[in-house]
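Structure record follows, encoded as structure tokens.
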Amino acid sequence: MASRHIVQQQNGGEAIIGDNQQKIMGAEKKNHRAPLGDIGNLVTVRGVDNKPLTQVSRPVTRSFHHKLLANAQNAAAENNKNANGAVLLNGALPEKKAVAGKPVARKKAVTKPKPEEIIEISPDTIENEKPGERSSKKKAPTLTSVLTARSKAACGLSNKPKSQIVNIDADDVNNDLAVVEYIDDMYTYYKSAENEGRAHDYMDSQPEINEKMRAILIDWLVQVHVKFELSPETLYLTINIVDRYLASKTTSRRELQLVGMSSMLIASKYEEIWAPEVNEFVSISDMTYSNKQILVMEKQILGELEWSLTVPTSYVFLVRFIKACLTDDSNVENLVFFLAELGMMNYATFMYCPSMIAASAVYAARCTLNKAPFWNETLKLHTGYSESQLVDCAKLLVSFHSMAAEQKLKGIYRKYSSSERGAVALLPPAKSLLVFTLSNYSQ
């Protein structure tokens with residue numbers, strides 16, 4: 001077997017290397033056992049002057065041993081500097097020859113000059129400066145900033161003022177009924193649930209009912225709503241119930257008015273404090289239907305809709321969007337409701353969701369009354385629609401406005417021609433949006 005070198009600790013700190021034998025200094029140390037923590041951890045390393053160095057409490061590897069020797073040599077070189085600046089390495093002079101007695105001239109420290117400040121001058125700035133003359137002007141903009149400014153100016157962005165978003169609920173902080181803390185979450189939910197609470201296109205599934213008959217029914221319901229002096233929520237919920245029922249149940253022409261009356265009875269019970277009685281609906285229909293028929297149809301409608309009456313109608317969004325207009329002009333509110341009701345009566349707007357119709361009514365009303373800007377960041381934030389998204393629906397509503405005075409169905413027109421509602425129906429429609437023809441819907 002190959003012999004093994006053993007490194008052992010002694011009192012003097014010297015390491016003794018032997019082949020299969022150990023030299024022990026002192027017989028009294030013969031049976032002494034060293035602590036496990038000291039085995040292999042303390043090794044004596046001597047420097048260049050043959051003096052033991054400080055003990056190091058870590059295992060000695062080859063790299064660490066060389067490092068210790070290098071540190072010792074560097075320390076010895078610092079202590080053995082001679083007068084002429086020569087350094088002794090390992091006890092010997094360096095190979096560089098030096099004349100004894102003559103001091104070696106040291107090199108002077110070279111001071112690096114400070115970097116001069118570079119000023120970039122744009123291509124548009126031409127200055128004839130003399131050499132050596134420093135300009136007292138401020139730094140010129142960089143080429144990148146100049147090009148960026150030119151691009152914005154060319155696109156008209158630099159001169160366009162940035163509209164600020166106004167907190168429309170600031171005045172209602174102390175109003176508990178305004179529920180300012182939850183209003184944003186409520187309308188986020190309304191936007192997500194509006195498609196579930198509205199009917200989709202159903203005219204193809206109704207063999208005896210067409211768009212014109214539906215318009216006649218809604219025009220009559222508007223007049224009944226005014227007669228009973230009901231709240232606006234009742235009217236919008238009534239039309240929602242009618243459309244949802246007709247979208248799920250085939251109805252004959254003879255029962256269409258009965259569906260309308262029963263839907264208004266349901267909406268009145270849901271929204272009004274004092275709902276009209278069944279006998280009042282019987283009398284207003286000129287005894288066309290009996291008390292029992294209205295109640296039976298009411299039960300049939302509730303069963304078909306599964307008693308789901310809490311739905312976001314256009315009125316829910318109209319109230320919020322009108323508030324976002326931040327205007328004290330009552331004509332804006334009256335004109336918005338006028339355009340929204342025209343949209344509900346005409347089946348052409350059935351493709352748009354309630355929030356889209358409400359936002360388009362606000363946009364069309366502002367264009368009609370020339371309320372600049374027609375659309376701003378505050379309205380965009382609360383409606384969720386940009387101006388380009390509302391143009392098509394707004395043009396459709398304005399076209400209904402332009403034709404309202406000539407139509408046979410004048411219930412909504414007469415309602416908003418009264419002085420109580422600012423006679424907004426008599427206002428000229430918005431010329432900027434009056435470019436839409438209703439050739440497909442005027443038949």
| Highest to lowest packing among 400-406, 236-242, 315-321, 226-232, scored as the average C-beta count within 10 Å | 236-242, 315-321, 400-406, 226-232
| remark: So, with points 7 Å from each Cα along the Cβ direction, the Thr288-Lys269 label distance in nm works out to 2.2 nm
| How much length, in nm to one decimal, is gained on full extension between Thr148 and Glu387, taken as 0.36 nm per residue of separation minus their Cα-Cα distance? | 83.3 nm
| request: Express the accessible area of segment 380-431 per residue in Å², computed with a 1.4 Å probe while the remaining protein chains stay in the model. | output: 51 Å²
| query | Tell me, what % of the accessible area of segment 276-398 is carbon and sulfur with a 1.4 angstrom probe? | reply | 50 percent
| request: Using the heavy atoms of the protein chains and a 1.4 angstrom probe, tell me the accessible area per residue for segment 146-286 in square angstrom. | output: 60 Å²
| request: Equivalent ellipsoid semi-axes for segment 329-387, as square roots of 5 times the alpha carbon gyration tensor eigenvalues: give them largest first, rounded to whole Å. | output: 19, 15, 8
| query | Where the centroid of each part is defined by its Cα atoms, how far is segment 216-295 from segment 187-204 in Å? | reply | 21 Å
| query | Taking the Cα atoms of segment 381-431 alone, what are Rg (to one decimal) and Dmax (as a whole number) in Å? | reply | 13.3, 39
| request: Arrange the peptides 197-209, 253-265 so that the one whose residues have, on average, the most other Cβ atoms within 10 Å appears first. | output: 253-265, 197-209
| said: Greater than 23 Å separation of Cα atoms is the criterion. Which listed pairs, Lys292/Lys408; Lys269/Lys292; Lys371/Lys431; Lys227/Lys269; Lys227/Lys371, meet it? | reply: Lys292/Lys408; Lys227/Lys371
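The values are calculated or read from the model by the stated rules, or taken from the named source; none is laboratory data. What you are looking at is a predicted structure, and each value in this text was computed from that prediction instead of being measured. Don't worry about glycine lacking a Cβ; one is built from the backbone with ideal geometry, like all the others, and counts go over all protein chains shown. Surface areas here come from the heavy atoms of the whole protein model, side chains and all, with no ligands, DNA or RNA. Shrake-Rupley method; radii C 1.70, N 1.55, O 1.52, S 1.80 Å.
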